[in-house]
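The values are calculated or read from the model by the stated rules, or taken from the named source; none is laboratory data. From a predicted model like this one, the values you see are computed outputs, not experimental measurements. A quick note on method: Cβ atoms are made from the backbone with ideal geometry, for glycine too, and the neighbour counts reach across all protein chains shown.
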Amino acid sequence: MRCSCPDCGEFMINAESLAMGCVCPACGRRCAACLGTNTLLQKEEFKKLERLLFPKEDGREGEQ
């Protein structure tokens, strides 16, 4: 993934380190927005999304 630095606009590159993310070669800013980190869903949130996107065919949404 290649994205631009939110501070200076330079293309950021993947950083080879313990922390996942990218680093800007121009200003040194580190970022992980394009990697989707900190966007994990809790089990309950995932189930709600699943019911919304894939409702039960017989109309009994959410029953297990």
- Message: Quick test of your reading of the structure: Arg2 fulfils all but one of (1) at pLDDT 85 or above; (2) in a loop (DSSP other than H, G, I, E, B). Name the failing condition by number.
- Response: (1)
- Query: Taking region 15-36 on its own, how many of its residues are at pLDDT 85 or above and of a type in the set (S, T, N, Q)?
  - Reply: 0
- Note on the structure: Among (1) assigned to a helix (DSSP H, G or I); (2) loosely packed, with under 12 Cβ neighbours inside 10 Å, Ala19 falls short only on (1)
